[in-house]
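Undergrad: To start, I am sharing the structure in question, which I have written as structure tokens.
Every number here is computed from the coordinates shown, using simple stated rules; none is lab data. Since we're looking at a predicted model, the values are computed, not measured. With ideal geometry, Cβ positions are generated from the backbone for all residues, glycine too; neighbour counts draw on all protein chains shown.
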Number of protein chains: 2
Amino acid sequence: MQSALLDYLHLHIPLSRAMDVRVLEASADQVVLEAPLSPNGNMHGTMFGGSAATLALLAAWSVLHLRLEAGGIANQLVIHRTEMDYLRPITGKARATATLADTDWPGFVAMLNRRGKARLKVESVLTSDGVVAGRLAGAFVAILDR
Amino acid sequence: MQSALLDYLHLHIPLSRAMDVRVLEASADQVVLEAPLSPNGNMHGTMFGGSAATLALLAAWSVLHLRLEAGGIANQLVIHRTEMDYLRPITGKARATATLADTDWPGFVAMLNRRGKARLKVESVLTSDGVVAGRLAGAFVAILDR
């Protein structure tokens with residue numbers, strides 16, 4: 001599932017290629033992405049905030065995408081709102097981990113089936129060298145393909 | 001000031017090059033940036049949320065950077081938090097406009113001089129074909145170089 005996700009991201013989202021995003025884990029429960037510093041740097045020699053937030057967003061989007069796919073739920077998935085907290089400068093490669101552990105998945109699917117549309121918030125945690133460096137909360141909207 | 005800002009962004013932030021970010025306006029009052037769809041697309045044929053948020057963040061950062069530079073205020077400028085609302089899909093090139101009109105600039109500078117550190121929120125509006133497509137609020141921290 002890792003290489004399928006990598007191919008999908010690199011094919012459909014050119015920015016993920018420019019950022020040299022890699023897939024370390026990919027399942028319907030958790031996605032872990034990684035990006036190196038060099039194509040994602042800034043004038044401070046640390047990771048540019050736009051790259052960090054984008055890596056976190058890609059992880060959150062990916063785990064939701066994979067869970068919907070695993071459930072055979074054909075849909076359009078779009079981002080509605082993000083909140084990103086930058087906690088520490090990232091001086092090397094960054095890792096973004098997104099899980100669906102804390103989400104009300106059954107409620108989300110029920111709403112999606114009833115209304116044809118449902119919203120879900122997914123969190124993504126950025127780490128660098130094992131230390132938490134940022135957190136993104138993404139509110140996604142899924143729209144059922146009828 | 002436009003080409004100086006463009007050179008600065010493209011030199012120090014490789015992602016701005018990969019996104020093909022252009023500078024339409026650059027002053028200590030307002031910065032307008034633009035990015036084409038192609039390197040910033042997604043699987044829906046619209047602009048990827050990560051690109052849209054990054055363009056908005058770059059505009060917000062840039063106007064604050066230029067105002068500090070115009071005031072001769074040597075500092076480190078880092079992003080602390082962003083909130084991004086995605087209002088409409090962007091189907092062509094996107095434009096991000098950031099101004100300092102609604103900020104308490106004198107209060108920010110006074111705090112920076114007193115504490116050596118101050119926070120400022122800057123808004124950036126994304127448009128596509130003249131229609132508002134998103135809004136980003138970025139909270140930046142400036143740290144005085146002593």
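Undergrad: Mind jotting down a quarter of the surface of the convex hull over the alpha carbons of the protein assembly as shown, in square nanometres, one decimal?
TA: 14.9
Undergrad: Contact order normalised by length for the stretch A:54-131, with contacts defined as Cα pairs under 8 Å and 6 or more residues apart; what percent is it? Display every interim value, and only then the final one.
TA: Details: 66 pairs, mean separation 32.9, N = 78.
About 42 percent, as a whole number.
Undergrad: Could you give the semi-axes, largest first, of the ellipsoid that matches chain B, computed as the square roots of 5 times the alpha carbon gyration tensor eigenvalues and rounded to whole Å?
TA: Sorted largest first and rounded, they come to 27, 15, 12 Å.
Undergrad: May I ask you to report, in nm to one decimal and beginning with the shortest, the distances from A:Thr91 to the same position in the other copies, taking label points 7 Å along Cα-to-Cβ?
TA: For A:Thr91, the inter-copy label distances come out at 4.8 nm.
Undergrad: Still on this structure: List, shortest first and in nm to one decimal, how far the label point of B:Asp20 (7 Å from Cα along Cα→Cβ) is from its counterparts in the other copies.
TA: Once sorted, the set of distances for B:Asp20 reads 2.3 nm.
Undergrad: Taking K and R as +1 and D and E as -1, what net charge do the other residues with C-beta under 12 Å from the C-beta of A:Ala139 add up to?
TA: Around A:Ala139, the charge tally is -1.
Undergrad: Can you give the local net charge around B:Ile73? Use residues other than it whose beta-carbon is closer than 14 angstrom to its beta-carbon, Lys and Arg +1, Asp and Glu -1.
TA: Surrounding charge for B:Ile73 is +3.
Undergrad: Given label points at 7 Å from Cα along Cα→Cβ, what nm distances, shortest first, separate A:Ser38 from the same residue in every other copy?
TA: 2.5
Undergrad: While we're looking at this one, here's another question. Any idea what the relative contact order of chain B is, in percent, if you count C-alpha pairs under 8 Å spaced at least 6 apart?
TA: 25
Undergrad: Specify whether the C-alpha gyration tensor of the stretch A:32-81 places it in the rounded, prolate or oblate class, a ≥ b ≥ c being the square roots of the eigenvalues: rounded for a/c under 1.5, otherwise prolate if a/b is larger than b/c and oblate if not.
TA: Since a/c reaches 1.5 and a/b is larger than b/c, the shape of the stretch A:32-81 is classed as prolate.
Undergrad: Write down Rg/Rh for the stretch B:70-146, rounded to two decimals, with Rg from the C-alpha atoms and Rh from the Kirkwood relation over Cα pairs.
TA: Details: Rg = 15.0 Å, Rh = 13.9 Å.
Rg/Rh for the stretch B:70-146 comes to 1.08.
Undergrad: Measuring from the axis that superposes chain B on chain A, report the chain B residue with the minimal C-beta distance, rounded to whole Å.
TA: Smallest Cβ distance to the axis, with its residue: B:Ala18, 2.
Undergrad: Which three extents, in whole angstrom, do the alpha-carbon atoms of the stretch B:1-75 cover along their principal axes, largest first?
TA: Per principal axis, max minus min of the Cα coordinates gives 44, 20, 19 Å.
Undergrad: Determine the sum of side-chain charges near A:Ser27: Lys and Arg each +1, Asp and Glu each -1, restricted to other residues whose C-beta is under 14 angstrom from that of A:Ser27.
TA: With Lys, Arg at +1 and Asp, Glu at -1, the net is -2.
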